[in-house]
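**Student:** Let me begin by handing over the structure; questions about it come next.
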Amino acid sequence: MRKTLLFCLLLWLLSIPVNAENGYDCWLRYIEVKNIDILLHYRNSIKAIQINGNSPTMFAIKSELSNGLKGLLGITTPFSLNADNNATLRIGSASLLGAEKSSFGPELQKIGTEGFIIRTTKNKANKGIVITANSDIGVLYGVFYFLKLLQTNQSIDNLNIVSFPKLSLRMLNHWDNLNRTVERGYAGSSIWNWHTLPTYIDKRYIDYARLNASIGINAVSLTNVNANAAILTKPFLEKVKALADAFRPYGIKVFLTARFSSPIEIGKLKTADPLDSTVQNWWNNKTNEVYSLVPDFGGFLIKANSEGQPGPQNYNRSHADGANMLADALAPHKGIVIWRAFVYSNENPEDRHKQAYNEFAPLDGKFRSNVILQVKNGAIDFMPREPFHPLFGAMPKTPLMMEFQVTQEYLGQSTNLVYLAPLFKEVLQSDTYSKGKGITVAKIIDGGIDHHTLNGMTGVANIGSDINWCGHPFAQANWYALGRLAWDYELTSEQIADEWLKMTFSNNSAFIKGALPIMLQSRDILVQYSNPIGLHHIMGTGNHYGPAPWVNNLNRPEWNPVYYHKADSTGIGFNRTSTGSNAIGQYFPEARKMWEDIDLCEEKNLLWFHHVPWNYTLKSKRILWDELCFQYYTGENRVKEMQHSWDDLKQYTDLERYNQVRMLLKIQQQEAIWWRNACLLYFQQFSKMPIPSNYEKPDKSLEYYMGLNFSFAPGN
Ligand code: GCW
């Protein structure tokens, strides 16, 4: 009996691939450098390390470096805490430099409080590499950067790197509920274990902070914007304090979502009217209480008067009245209000595309200086492809912060491999033409043009309790890309993917050559098989999973896919030009030119702005219906190609993640077929045209697809 057991155990052990990796370490794997020449070069260059300072951040730096170097170099490097003439790597804030400081002078001035310098000094007494900054947090960022050089096998000779962030708030918004479900979360439950906090500090909290700091993220909002007032009660605030304490050494500030009706729900007041002095007092006291526990608390993030959330309009007050009341409570503590511009109302028959602009543009200049408006990248809702939000450029007197969605609510959730940097970049590089040519969305949000000091970028997090944090192994790349672009929006999608792949999987050039194109094309491919030519919002009800262009029975008109595609016997698409809803009128004239004439409109956004006849001829010389078929079939076909490309990479990756991605690509391919067939069969009822004979016919009926039901799909 015992022998059989032992034998089974042995078999089981043998069946685990030796090089299994569960993905938990993300891009901070710190495995030994494989190239022996490079390894020796590193070992020779980093013989002894001097670390100056004893703050908690310095402690975190030391621990990161010793783990990182031990893993990467395979040896333990000696550390010293004091001046050390043998040190080949010296680390500390500018005070470390002593007499040398003057040679760093101009750069130190340039890098602000969070930037860093990594330099090889030729100074005779102290030859070697220096990592320095104006603050310990800057040094931490420099150390992560230095580790990245090693992780990606770059030379560390003659370094002279000066880096500082373009945006000051680099943030994640968690949509985590207090019961640990996550709205639009596809990677398990919330990582915040409210039940065991504040006493139990899960190692995950620290690893989460490390991962964020390694890409420069310095702010997190812990809770869902569909907020629960309970987060502002004492017992929860004590838990929040514990998290803030854990994150602080990593330079991360905590924000909370504040439910506008909290004074009623937890304060027992009769009203939440922002102009009522008892309400104002309540918020002042509550804010003071928060700061007594979390002295560097970032501020409140608010979703108001949107999708059923309470807000100032319940009392006939404006968004500015609401935001300013909270801003006044936060100002003495240097806290800020992040007020969301994502509003639309079912009582308003206006095109949903226009509503946020109509609401907010007239309020320009009416907000306190510690209010920043958080605007989604597009006017509808994080669609696979969406023209930039017309508010960018339209509110010069108000700082606007970018809200991207990292969790893939509309982009294949956690079953599809979709690298989002190309989507982020497409928006950031869009020209608003708000003050002539070249005023891109990126330039608007960095505030330089309009002299704003508050600026930032946030991403709705895709993080959960799954062992690999994000569900799909490649979804980690989207968390990574958000941080990197918030630091420097000029980085290219390719640069970001390249470094992420090297750190997360392998430095092998054949691997990179195969994996990079998969990532770079993936978002385009998803658009093709789900929402081509400017289609949008045609997904399943509630869970937003898969296609459902037929849905027309939801309470709110703008929740129905038929509202967005408007397919009928004459054609398909939403006329947003001056002959239609005229949403296009919210853009500056030069920007409008990209879209307003049907014959000149960028085709990728054609059906976003125009209702186009089925037999209208496109640049491809295909008529619209044939083009739609072409896009859906090509998209699905390209998923097959992704599968083949991934299969070819087996030899370069660990088996565990290789297999995970392989299985997920299989699901993705099935989902692409589902999107293609369901959408084409449905739209065909209106076009009354055949699917071109060179394509295989859908093997299921429209009724079949309409009958599918996913009541247990995640994230709802
Ligand atoms: O995209 C929609 C989501 C909602 C979300 C809302 C928002 C938090 O479907 O789940 O609510 O946007 O951004 O407020």
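**Student:** Could you work out the mean projected area of the convex hull around the alpha carbons of the chain, in square nanometres to one decimal? Can you show the working numbers first?
**Tutor:** On the way: hull surface 140.2 nm².
The number I arrive at for the chain is 35.1 nm².
**Student:** Ok, one more. Once you have a ≥ b ≥ c as the square roots of the Cα gyration tensor eigenvalues for the range 652-716, tell me rounded if a/c is under 1.5, and otherwise prolate or oblate according to whether a/b is larger than b/c. Don't jump to the answer; show the numbers that get you there.
**Tutor:** Working: a/c = 3.80, a/b = 1.70, b/c = 2.23.
Oblate, since a/c reaches 1.5 and b/c is not below a/b.
**Student:** If you don't mind, another one. Charges on Cβ only, +1 for Lys and Arg, -1 for Asp and Glu, centred on the Cα centroid of the chain; of Leu664, Ala209, Met401, which one is farthest towards the dipole's positive end?
**Tutor:** Ala209
**Student:** Stokes-Einstein diffusion coefficient for the range 335-487 at 4 °C in a medium of 1.567 mPa s, Rh from the Kirkwood formula over Cα pairs: what value in µm²/s?
**Tutor:** Once the numbers are plugged in, D ends up at 80 µm²/s.
**Student:** I'd like the Karplus ³J(HN,Hα) series for the range 559-572: coefficients 6.51, -1.76, 1.60, θ = phi - 60°, whole numbers in Hz, and an x wherever there's a Gly or Pro.
**Tutor:** Each residue of the range 559-572 in turn: 9, 8, x, 4, 4, 8, 9, 6, 5, 8, 5, 8, x, 8 Hz.
**Student:** Set the Förster radius R0 to 25 Å, insert the Cβ-Cβ distance between Lys666 and Thr541 as r into 1/(1 + (r/R0)^6), and round the FRET efficiency to 0.05. The partial results should precede the final answer.
**Tutor:** Details: r = 26 Å, r/R0 = 1.03.
Computed FRET efficiency for Lys666 and Thr541: 0.45.
**Student:** In addition: Any idea what the relative contact order of the range 347-393 is, in percent, if you count C-alpha pairs under 8 Å spaced at least 6 apart? Mind showing how you got there, number by number?
**Tutor:** Values: 28 pairs, mean separation 16.8, N = 47.
Normalised by residue count, the contact order of the range 347-393 is 36 percent.
**Student:** Count the net charge of all other residues whose Cβ sits under 15 Å from the Cβ of Ala341, scoring Lys and Arg as +1 and Asp and Glu as -1.
**Tutor:** Values: positive: Lys303, Arg340, Arg352, Lys354, Lys366, Lys376, Lys397; negative: Glu307, Glu359, Asp364, Asp381, Glu386, Glu403.
Surrounding charge for Ala341 is +1.
**Student:** Something else: Leaving ligands, DNA and RNA out of it, report the carbon-plus-sulfur percent of the accessible area of the chain at a 1.4 Å probe.
**Tutor:** The computed percentage sits at 52.
**Student:** So, one more: Do you know the relative contact order of the range 454-547, to the nearest whole percent, from alpha carbon pairs under 8 angstrom that are 6+ apart? Kindly include the intermediate steps, with their values, before the conclusion.
**Tutor:** On the way: 48 pairs, mean separation 14.0, N = 94.
Relative contact order of the range 454-547: 15 percent.
**Student:** Using only Cα atoms, figure out Rg for the range 520-580 and give it as a multiple of 2.2 N^0.38 Å. All intermediate terms of the calculation are to be shown ahead of the outcome.
**Tutor:** Values: Rg = 12.8 Å, N = 61, 2.2 N^0.38 = 10.5 Å.
Taking the Cα Rg and dividing by 2.2 N^0.38 Å, one obtains 1.22.
**Student:** Related question: Place the peptides 104-115, 282-293, 165-176 in order of packing, highest mean first, counting for every residue the other Cβ atoms within 10 Å and averaging per peptide. Provide the component values of the computation, followed by the final result.
**Tutor:** On the way: 104-115: 15.8, 282-293: 17.6, 165-176: 23.9.
Packing order, densest peptide first, comes out as 165-176, 282-293, 104-115.
**Student:** Pairs of alpha-carbon atoms within less than 8 angstrom and 6+ residues apart define the contacts here; what relative contact order does the chain have, in percent? It would help to have the intermediate numbers written out before the result.
**Tutor:** Values: 1347 pairs, mean separation 84.8, N = 716.
Reported as a whole number, the value is 12 percent.
**Student:** Can you give the net charge of the other residues whose Cβ lies under 10 Å from the Cβ of Leu275, counting K and R as +1 and D and E as -1?
**Tutor:** It works out to a net charge of -2.
**Student:** Positive end of the charge dipole of the range 309-379 (Lys, Arg +1 and Asp, Glu -1 on Cβ, about the Cα centre): tell me which of Val371, Gly311, Ala323 has its Cα farthest that way.
**Tutor:** Result: Val371, furthest along the dipole toward the positive end.
**Student:** Another question, if that's okay. Once whole DSSP H runs in the chain are found, which of them have Cα atoms spread over 15 Å or more along the helix axis and a mean Kyte-Doolittle score of at least -0.5?
**Tutor:** Details: long enough: 2-15 (20 Å, 1.51); 56-73 (25 Å, 0.37); 136-151 (22 Å, 1.21); 203-214 (17 Å, -0.95); 234-247 (20 Å, 0.18); 277-293 (24 Å, -1.11); 319-330 (17 Å, 0.22); 476-487 (17 Å, -0.17); 493-504 (16 Å, -0.69); 509-530 (32 Å, 0.58); 624-647 (34 Å, -1.12); 655-687 (47 Å, -0.36).
In the chain, the long hydrophobic H runs are 2-15, 56-73, 136-151, 234-247, 319-330, 476-487, 509-530, 655-687.
**Student:** Is it possible to state the helix-based mean residue ellipticity at 222 nm for the chain, with each DSSP H run of 4+ residues giving -39500 (n - 2.57), the sum divided by total residues, to the nearest 500 deg cm²/dmol? What is it?
**Tutor:** On the way: 22 runs with 272 residues, N = 716.
Mean residue ellipticity at 222 nm (helix-derived): -12000 deg cm²/dmol.
**Student:** Continuing with the same structure: Less than 11 Å Cβ to Cβ from Asn158, Lys/Arg counted +1 and Asp/Glu -1: what total charge do the surrounding residues give?
**Tutor:** Details: positive: Arg119, Lys122; negative: Asp157.
The answer is +1.
**Student:** Dipole size in debye (nearest 20) for the range 361-479 around its Cα centre, Lys and Arg Cβ +1, Asp and Glu Cβ -1?
**Tutor:** Numbers: 9 positive and 10 negative charges, 82 e Å.
Dipole about the Cα centre, nearest 20: 400 debye.
**Student:** Residue farthest toward the positive end of the dipole of the chain, with Cβ of Lys/Arg at +1 and Asp/Glu at -1: which of Ala258, Val418, Tyr42?
**Tutor:** Farthest towards the positive pole: Tyr42.
**Student:** Could you size up the charge dipole of the chain around its Cα centre, putting +1 on the beta carbon of Lys and Arg and -1 on that of Asp and Glu, and report it in debye to the nearest 20? Provide the component values of the computation, followed by the final result.
**Tutor:** Values: 70 positive and 65 negative charges, 285 e Å.
It works out to roughly 1360 debye.
**Student:** Rounded to the nearest whole Å², what accessible area per residue is found for the range 582-716 with the 1.4 Å probe?
**Tutor:** Values: 6760 Å² over 135 residues.
In whole numbers, the range 582-716 has 50 Å² accessible per residue.
**Student:** With both bridge residues required to lie in the chain, what share of the DSSP beta bridges run antiparallel, to the nearest 5%?
**Tutor:** If we restrict to bridges inside the chain, about 30 percent are antiparallel.
**Student:** Something else: How many angstrom lie between the C-alpha centres of the range 234-289 and the range 60-120?
**Tutor:** 39
The values are calculated or read from the model by the stated rules, or taken from the named source; none is laboratory data. Since the model is a prediction, treat every value here as computed from it, not as a measurement. Note: ideal-geometry Cβ built from the backbone for every residue, glycine included; neighbour counts use all protein chains shown. These area figures cover heavy atoms from the full protein model, side chains too; ligands, DNA and RNA do not enter into them. Shrake-Rupley method; radii C 1.70, N 1.55, O 1.52, S 1.80 Å.
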